[in-house]
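All remarks here apply to the structure that follows.
The values are calculated or read from the model by the stated rules, or taken from the named source; none is laboratory data. For clarity, every value in this text was computed on a predicted model and none was experimentally measured. Quick reminder, even Gly has a Cβ in these numbers, built from the backbone with ideal geometry, and neighbours come from all protein chains shown.
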């Protein structure tokens, strides 16, 4: 049976970050992720690179970590970020004392926060409500979480790690105080395999509790549901936060062609699939439009919900610290397992470093962590693209960073490569071609996450079939099934916003898909 | 440039399918109304990247007509042009227009001789000649004046006037648009009816000046009445194809073309033939003749082909811009509507 | 705003899609003065352009014979509506379909009279101007009768409308006994063009050089049946296709995807047909409001950018289409009448059983909403009383919009019936 030095379970930012860190230290690593990389909390959050300001009052530890780490991420993965800046704003009724506390605590913790005049704020963000009372400028950015996670995957592989998506861990065999053997299954082919790890890292996020249970351990975890709504268009230039004790509907984040508003917080009993509900959507839009009155006229494109895996120190999700914990289970029954829980996207690299340090300690590996100083992907020359509009080349640079040249090359070498495949996101056929044969691409949604096709406001009204034309028979599922699965994933996010323009959009899509190819759009 | 008005786009592609510039030039050259007005702007795309695309639009406005979500695509496109202008990225050909405005208050260089206003200095009907009729196609000015005279209209020409401002709006120069409007409103002073023979001017007066002007055709039909117009027979039997200028048929209104057809059919010896896609743009608008002359020429040639296919002897257009551009194509005789009508009107 | 001279007609039809134009043609054919008002692109243009009376997942076909009972029960809720009217499906369907076929072939659109499915009409058949896989199967099935029933799908690089690889991926390489092979060809004179629109292709291929190059490319194929993307305009089509077939010695036809708006040809043919019958088409006008007298609608105020016009009429047919075309408006979660004149709602129906939370249940909920009509196709005023002289037709009606409705064919049925009623009242 195969052996491995370290088996990492969970392919979110944390897991892939750990894989990268360990591999760069010369450790032999295998990572198993049950769906596509970044399918858990990493793929369903707000996309905020926190300045730390949101936590200075209640959670100073997290705030400090955010302040430090966001500088690191700006250094190592600039292409994953949009330096759009951020503002905290209060409205009549918001606690003025909180504002003062925030400013004071921010200064104490080294989090950049500077009060500016309301006039300045409105000049910067014309869409703001004229009722804004106070404004604080912070050093926030918006982050493309998929790009970040996939960048870690790429970097980890370059350093020699093996990472497998669509592989779910099914069972542990624990003997003599160690996880001896891990059984896992390829969820697409059904193939089952086993491996013997020296060390197991449980970075399974919301599923970390379940993994721990397989080793008869219990984790102090509390899962919390958060819903976000994607609104079409960049309604603001930068991040907007409500300047008050964190509550629902506090945040707006510009992300590529959209604005993401959120969020909610509700404790989850089990690990069921979470979906955004219409009520949540309505109340988020209601609340957030207090800061941006124009929001009510904006088009809601889709809504999504994610599970925040928090360490449970308190019963209130918002009160729970965002700090992370790395638990070395040696000393309990299992001496070769480490679990990492809690934390934030912004601090993933630090979480990974701390975890890797502990793991290396167990392995007797004394190499240093280099993840803070080395760029995620090595710089590479960008190439020109003849016959492609500049704004599309710009999109590609934004999405692929150092890998723009590779992707562009594919677009240029194929005679059809420069056709526009996705109109909403301006994605070229060659981009999809570039990723179509990749080992990680096992369904159309995987292509979507890597190229952004289908993520725009029409939610794949046109591009699913074009994408199918690229992959042909190359997917594990039959073509019709692949498209239907993809469309039913889209549907989950569309259904809670099925009103107004999106309703009309869906009616038109049904002409295209069910009318023409007799495809079912919504699954069952 | 997040734009809530483009919210309703359902990606049906009707605008792209309808666009004549896309049809002639191809999507690789002109990315089409949807990309410009809906998709590219939403990323906060650097405006200069859109320049070579958006300047190819002839402002035919067909996209706005067909959009099922009623997105004001033409207005969006003009806004992009304005943003481009504000970044000082005007095309060379367009700079000439601005120079002419500054020096002569005309969009084109003045001709050596300009037809005089003659004895038409009083009257409640104010006839506005427009830059092209005065300087490039003086036959139109003469014919319009003659028509109004024959129709016994109490008309005068303004003593002083400036370019209406329409070309400047297409270029994106809204400062000059405003200046010209203010000057003209002062110069027009008092009148009952404003008449012009250029659909570009007519449209601009409607949309930008918020006036209620009449194109010559509308005046002849509504104020005079088709039955009161008497015509001599055309010397030989003529099969005439009638081009629908975009700004007349779309912005002034379909009724204007109905009038134009009805009046033409009253001329003995004239047979109106049905031309395929009579409402497809001839390429003369939007500053494309100055900016991308080959695109304008291709569209003109396509229009001429349609007329030839309909076995027309003559292609008539009630618009000086259309006439100028179509004449570049060759292949068939082109006539301005007003000039043709006047030549046969008693 | 200046006013145009008011006009009077027997019947005003609002909506210039398939249903409106068909009602107008039917009325004009009976010597009624008809005006059709509309603006923008119609949902018909955006549709597949295929006119199936029955969705073939509901209807059980028997070769050469139509099961009228099944037909009648499948066209619910239309069936409810005409149940008590003086018409029966048996009577009206043949009459309607023969008028339809006649008036379209007069405009250059050939109809397929398929032995398998009498009412499954393909536009432009002989060639299959179709984009539905089902009619594709039908066409391929017809080729069974030929000796060599192999079919080449010839994609033209730069013309995205026929993607042979995609067709084969979706439909397989053997369709009803016919072997299908995908090919791509480059037409040199097309140069660098990409993703040509249908209009662009029609322009490009009107040049003889390109047609010659295409002919050469088709001749190189070994299959006797060849499907190409659309390259003809409606008026050009019959002549052009005949030449293509004779020059290549093959059975050539056009095959297309929905993104190239195949419905445009149907739309064009129906416009011409309505015009040929004598209906007056008033395009690019919007209806600003309707004027009433008691329980009758008496006139409509039309608007363009610069003009208003009052049109008076004896009866009205409302065929403004569904959400996609804009005849119904989604304001938040509510589906409404943009004119705010008539009652919008859902027909009571217990026949649609879908699992909770399913796509169909959710979409149904919204798209089933539309204009409500009485058994005589009369629209209801907002207070629920039947309007004396206003009739509803087409996808604008509750339960008739896609995907919950019965398609273009069903819409045409309602238009025919509405026209008969409107005729009586006018």
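Across the range C:264-291, the qualifying residues are those that are more than 23 Å from residue C:199 (Cα to Cα) and free of Cβ contacts under 8 Å to residues at least 60 places away in the same chain, and the one among them that is nearest to the other protein chains (Cβ to nearest Cβ) is C:288. When the range C:176-195 is limited to residues that are crowded, with 21+ Cβ neighbours inside 10 Å and more than 11 Å from every other protein chain (Cβ to nearest Cβ), the one that is modelled with the highest pLDDT turns out to be C:187.
The requirement of being more than 14 Å from chain C (Cβ to nearest Cβ), in a helix (DSSP H, G or I) and surrounded by fewer than 18 Cβ atoms within 10 Å (Cβ to Cβ) is fulfilled nowhere in the range B:231-242; no residue meets it. Apart from one condition, residue B:82 fits all of (1) away from chain A (no Cβ under 12 Å); (2) under 24 Å from residue A:429 (Cβ atoms); (3) modelled with pLDDT under 90; the exception is (2). Selection over the range C:5-39 of residues that are in a loop (DSSP other than H, G, I, E, B), surrounded by fewer than 20 Cβ atoms within 10 Å (Cβ to Cβ) and touching a strand residue (DSSP E or B) at 6+ places or on another chain (Cβ under 6 Å) gives a count of 2.
Report yes if residue C:338 is in a loop (DSSP other than H, G, I, E, B), within 13 Å of chain A (Cβ to nearest Cβ) and modelled with pLDDT of 75 or more, otherwise no. So residue C:338 fits the description; yes.
Filtering the range B:161-213 to residues that are within 14 Å of chain C (Cβ to nearest Cβ), on the phi < 0 side of the Ramachandran plot and over 14 Å from the mean Cα position of the chain (by Cα) leaves B:192, B:193, B:194, B:195, B:208, B:209, B:211, B:212, B:213. Each residue in the range B:282-307 was checked for being at pLDDT 95 or above, under 14 Å from residue B:243 (Cβ atoms) and more than 12 Å from every other protein chain (Cβ to nearest Cβ), and 5 of them qualify. Screening the range B:48-73 for residues that are assigned to a helix (DSSP H, G or I) and away from chain A (no Cβ under 14 Å) and picking the one that is nearest to the chain's Cα centre (by Cα) gives B:62. Scanning the range A:388-410 for residues that are farther than 30 Å from residue A:186 by Cα, within 13 Å of chain B (Cβ to nearest Cβ) and assigned to a helix (DSSP H, G or I) turns up A:390, A:391, A:392, A:393, A:394, A:395, A:396, A:397, A:398. When residues in the range A:324-354 are screened for being within 18 Å of the chain's Cα centre (by Cα) and either farther than 24 Å from residue A:46 by Cα or in a loop (DSSP other than H, G, I, E, B) (or both), 2 of them pass.
Report whether or not residue B:126 is modelled with pLDDT of 85 or more and in contact with a strand residue (DSSP E or B) (Cβ under 6 Å, 6 or more places away or on another chain).
Numbers: modelled with pLDDT of 85 or more: yes; in contact with a strand residue (DSSP E or B) (Cβ under 6 Å, 6 or more places away or on another chain): yes.
In short, yes.
When the range B:22-34 is filtered for residues that are crowded, with 22+ Cβ neighbours inside 10 Å and within 7 Å of chain A (Cβ to nearest Cβ), the ones remaining, listed by number, are B:31, B:34. The single residue among A:149, A:138 that is touching a residue at least 40 places away in the same chain (Cβ under 8 Å), under 25 Å from the mean Cα position of the chain (by Cα) and more than 29 Å from residue A:441 (Cα to Cα) turns out to be A:138.
Counting only helices (runs of 4 or more DSSP H) wholly contained in the range A:412-524, the ones carrying 3 or more residues that are more than 24 Å from the chain's Cα centre (by Cα) occupy A:463-471, A:479-494, A:500-510.
Just one of the listed residues (C:390, C:381, C:398, C:386) is farther than 16 Å from residue A:503 by Cβ, touching a strand residue (DSSP E or B) at 6+ places or on another chain (Cβ under 8 Å) and crowded, with 21+ Cβ neighbours inside 10 Å, namely C:390. Hey, residue A:357 hits all of (1) outside the structural domain of residue A:86 (by TED's automatic domain parsing); (2) in contact (Cβ under 8 Å) with a residue 24 or more places away in the chain; (3) not in a strand (DSSP E or B) but one; which does it fall short on? Only one criterion in (1) outside the structural domain of residue A:86 (by TED's automatic domain parsing); (2) in contact (Cβ under 8 Å) with a residue 24 or more places away in the chain; (3) not in a strand (DSSP E or B) is unmet by residue A:357, namely (2). What residue, of A:459, A:502, is within 9 Å of another protein chain (Cβ to nearest Cβ) and touching a strand residue (DSSP E or B) at 6+ places or on another chain (Cβ under 7 Å)? Of the residues listed, the single one that is within 9 Å of another protein chain (Cβ to nearest Cβ) and touching a strand residue (DSSP E or B) at 6+ places or on another chain (Cβ under 7 Å) is A:502.
From the list A:263, A:267, A:236, A:227, the one residue that fits, being over 30 Å from residue A:31 (Cα atoms), touching a residue at least 24 places away in the same chain (Cβ under 8 Å) and more than 14 Å from chain B (Cβ to nearest Cβ), is A:263. Residues in the range A:218-228 that are more than 30 Å from residue A:495 (Cβ to Cβ) and either surrounded by fewer than 20 Cβ atoms within 10 Å (Cβ to Cβ) or at pLDDT 95 or above (or both): A:218, A:220. Among the residues of the range B:103-117, are any surrounded by 15 or more Cβ atoms within 10 Å (Cβ to Cβ), outside the structural domain of residue B:254 (by TED's automatic domain parsing), at pLDDT below 90 and touching a strand residue (DSSP E or B) at 6+ places or on another chain (Cβ under 9 Å)? Taking every residue of the range B:103-117 in turn, at least one turns out to be surrounded by 15 or more Cβ atoms within 10 Å (Cβ to Cβ), outside the structural domain of residue B:254 (by TED's automatic domain parsing), at pLDDT below 90 and touching a strand residue (DSSP E or B) at 6+ places or on another chain (Cβ under 9 Å).
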